[in-house]
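Working notes for the structure below.
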Amino acid sequence: MTDLLSLTPDAARAALADWLAGGAAGAGAGAGAGHAEPGYRVTQLVPRLWQRPAGSWEEATDLPAALRSQLAAAFPLGRLTLATTQLSRDGTEKFLWKLADGEAIESVLIPEGKRRTLCISSQVGCALGCVFCATGRMGFRRNLRASEIAGQVRELVLREAGAVPTNIVFMGMGEPLLNWDAVDTALTILNHRDGFGIGARHITVSTVGILPSLAQLAKRPEQFRLALSLHAPTAQLRHELMPIEKKYALPDVIQALTQFRRRVTLEYVLIGGKNDSLAQADELAKLARPLGALVNLLPLHPGGAPDLTPSARPRMLAFERRLKRHGVEVVLRRSRGLDISAACGQLRVELEARRKVRPQEHARVE
Ligand code: SF4
């Protein structure tokens with residue numbers, strides 16, 4: 001059996017063409033049987049993977065019944081099962097997907113004007129243990145397959161035909177650059193015209209700065225966007241908040257960004273009394289300015305270390321103003337989905353803990 005949905009569209013096309021011609025792609029499931037299918041079949045089959053996805057080959061009723069059952073045996077189409085969904089008052093929608101082995105991952109759909117941004121997961125859990133992150137508390141379970149990463153988009157389109165998100169951000173559970181092979185393939189599926197056809201500039205990979213895979217991403221010719229989870233302007237504070245600093249030190253990561261040849265975004269979660277002073281804004285400006293980076297200031301969501309609190313609103317505004325005074329382009333993001341546990345990993349952690357999030361636990365940021 002071959003997992004077509006974990007191949008790039010070109011590789012999936014080649015595997016199907018080979019199988020239709022009686023080759024070995026579907027070894028063990030009717031391969032080489034000389035299907036004697038017309039040559040146009042492959043152009044009928046590939047769109048059923050991502051463009052007009054079929055939930056199963058049985059549902060592709062434009063194909064002969066015998067071919068459908070042979071396809072089901074040779075190329076089963078794996079699905080994510082929707083375990084639960086939550087819709088926020090602000091329109092943010094969170095999905096908890098069950099995987100075939102019983103693990104669970106999350107995606108968050110954030111509508112904003114004409115944009116529909118889907119925040120997707122790349123791993124089950126995460127090994128990196130950033131102190132402010134709910135996923136980090138969970139620890140690492142396993143990498144996702146490319147089909148499980150791109151499958152988060154596929155399932156949305158299966159729920160509603162044509163509902164391809166306009167933007168994708170790899171900011172859900174996991175560190176995408178620690179699962180590079182699958183993320184590399186998933187990026188192709190998301191962007192390819194025979195995949196979901198989402199423009200590379202509308203796809204953002206967010207990383208703490210895993211240097212070897214960052215170099216691989218930089219080599220790709222498409223203009224995928226990069227966001228660095230920075231969260232601290234000095235190596236010392238970053239070390240306290242993000243244990244990865246031990247392995248990939250801030251100066252090396254910043255140096256790698258200078259070689260990225262594309263504009264990067266610096267993600268910075270504002271944590272009360274930790275990283276939100278004006279002196280720290282000055283330090284952050286020193287990093288952002290030479291890079292020409294956009295700084296995204298994010299309110300802290302609940303779910304990480306219990307002793308951390310979000311910055312107060314006036315402090316956030318002062319921090320933003322200070323960066324602007326330094327000539328840094330900065331956006332202060334609103335919290336989205338506060339009534340539905342929309343931070344990455346939060347829903348799963350909370351379901352596992354079998355407790356509900358009380359609205360008063362959340363800081364309110366307008
Ligand atoms: S912030 Fe990202 S890298 Fe850090 S623990 Fe959470 S998921 Fe992992």
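The values are calculated or read from the model by the stated rules, or taken from the named source; none is laboratory data. As the structure is a computational prediction, the values presented were derived from the model and not from experiment. Every residue, glycine among them, receives a Cβ derived from its backbone with ideal geometry; neighbour counts consider all protein chains shown.
Out of the residues in region 245-261 that are outside any helix (DSSP H, G or I) and in contact (Cβ under 8 Å) with a residue 40 or more places away in the chain, which is nearest to the ligand (Cβ to nearest atom)? Show your work before the answer.
Restricting attention to region 245-261, the residues satisfying the condition of being outside any helix (DSSP H, G or I) are 247-249, 259-261.
Narrowing further to those that are in contact (Cβ under 8 Å) with a residue 40 or more places away in the chain: 248, 259-261.
Working: Tyr248: 12, Gln259: 22, Phe260: 19, Arg261: 24 Å.
The extreme case among them is Tyr248.
Residue count for region 82-93 satisfying the condition of being crowded, with 16+ Cβ neighbours inside 10 Å and either acidic (Asp, Glu) or at pLDDT below 95 (or both): 5.
Can you confirm whether Gly162 is modelled with pLDDT under 95 and on the phi > 0 side of the Ramachandran plot? Break it down into steps so the answer makes sense when it comes.
Values: modelled with pLDDT under 95: yes; on the phi > 0 side of the Ramachandran plot: yes.
In short, yes.
What is the one condition in (1) more than 12 Å from the ligand (Cβ to nearest atom); (2) surrounded by 22 or more Cβ atoms within 10 Å (Cβ to Cβ); (3) touching a residue at least 60 places away in the same chain (Cβ under 8 Å) that Met242 does not satisfy? Met242 satisfies every listed condition except (1).
Out of all the residues in region 296-303, is one or more free of Cβ contacts under 8 Å to residues at least 24 places away in the same chain and either in a helix (DSSP H, G or I) or in contact with a Cys (Cβ under 8 Å, 6 or more places away or on another chain) (or both)?
Scanning region 296-303, I find no residue that is free of Cβ contacts under 8 Å to residues at least 24 places away in the same chain and either in a helix (DSSP H, G or I) or in contact with a Cys (Cβ under 8 Å, 6 or more places away or on another chain) (or both), so the answer is no.
Beta carbons closer than 6 Å, at least 6 apart along the sequence or on distinct chains, pair a first residue in region 126-154 that is in the same structural domain as Asp194 (by TED's automatic domain parsing) with a second that is of a type in the set (Asp, Glu) for Cys126/Glu175; Leu128/Glu175; Arg141/Glu103; Ser147/Asp3.
Go through region 217-239 and give me each residue that's within 16 Å of the ligand (Cβ to nearest atom) and either among the basic types (Lys, Arg) or in a helix (DSSP H, G or I) (or both).
Initially, region 217-239 is screened for residues within 16 Å of the ligand (Cβ to nearest atom), giving 217, 226-232, 237-239.
Across region 217-239, the qualifying residues are Leu217, Leu237, Arg238, His239.
Tell me, please, whether a residue that is over 16 Å from the mean Cα position of the chain (by Cα) and among the acidic types (Asp, Glu) can be found in region 191-207. Yes, that holds for at least one residue.
For region 137-144, the condition of being in contact with a Gly (Cβ under 8 Å, 6 or more places away or on another chain) and small (Gly, Ala, Ser) holds for at least one residue.
So in region 193-213, with the set limited to residues that are among the small types (Gly, Ala, Ser), away from the ligand (no atom under 16 Å from the Cβ) and in contact (Cβ under 8 Å) with a residue 60 or more places away in the chain, which one is farthest from Ala232 (Cα to Cα)? Before you say what the answer is, go through the steps one by one.
At the first step, the residues of region 193-213 found to be among the small types (Gly, Ala, Ser) are 195, 197, 199-200, 206, 209, 213.
Of the ones still in play, those that are also away from the ligand (no atom under 16 Å from the Cβ) are 195, 197, 199-200.
Now restrict to residues that are in contact (Cβ under 8 Å) with a residue 60 or more places away in the chain: 195, 197.
Working: Gly195: 37, Gly197: 35 Å.
The selected residue is Gly195.
Residues are listed down the side, and each one gets a yes or a no for (1) within 25 Å of the chain's Cα centre (by Cα); (2) at pLDDT 95 or above; (3) not assigned by TED's automatic domain parsing to the domain that holds Gln223:
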{"position": "Leu250", "(1), (2), (3)": "yes, yes, no"}
{"position": "Arg261", "(1), (2), (3)": "yes, no, no"}
{"position": "Gly272", "(1), (2), (3)": "no, yes, no"}
{"position": "Leu294", "(1), (2), (3)": "yes, yes, no"}
{"position": "Leu298", "(1), (2), (3)": "yes, no, no"}
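Per this entry, Val108 is counted among residues that are assigned to a strand (DSSP E or B), among the β-branched types (Val, Ile, Thr), within 16 Å of the ligand (Cβ to nearest atom) and in contact with a Cys (Cβ under 7 Å, 6 or more places away or on another chain).
For region 122-171, filtering for residues that are over 21 Å from Leu187 (Cβ atoms), within 15 Å of the ligand (Cβ to nearest atom) and part of a helix (DSSP H, G or I) leaves 4.
Considering only residues that are surrounded by fewer than 19 Cβ atoms within 10 Å (Cβ to Cβ) and of a type in the set (Asp, Glu), which ones fall in region 268-293?
Residues of region 268-293 that are surrounded by fewer than 19 Cβ atoms within 10 Å (Cβ to Cβ), as a first pass: 272-273, 277-279, 282-283, 286, 289-292.
Of everything in region 268-293, those that are surrounded by fewer than 19 Cβ atoms within 10 Å (Cβ to Cβ) and of a type in the set (Asp, Glu) turn out to be Asp282, Glu283.
Here Ala182 meets each of (1) within 16 Å of the ligand (Cβ to nearest atom); (2) within 30 Å of Pro310 (Cα to Cα) with one exception, condition (2).
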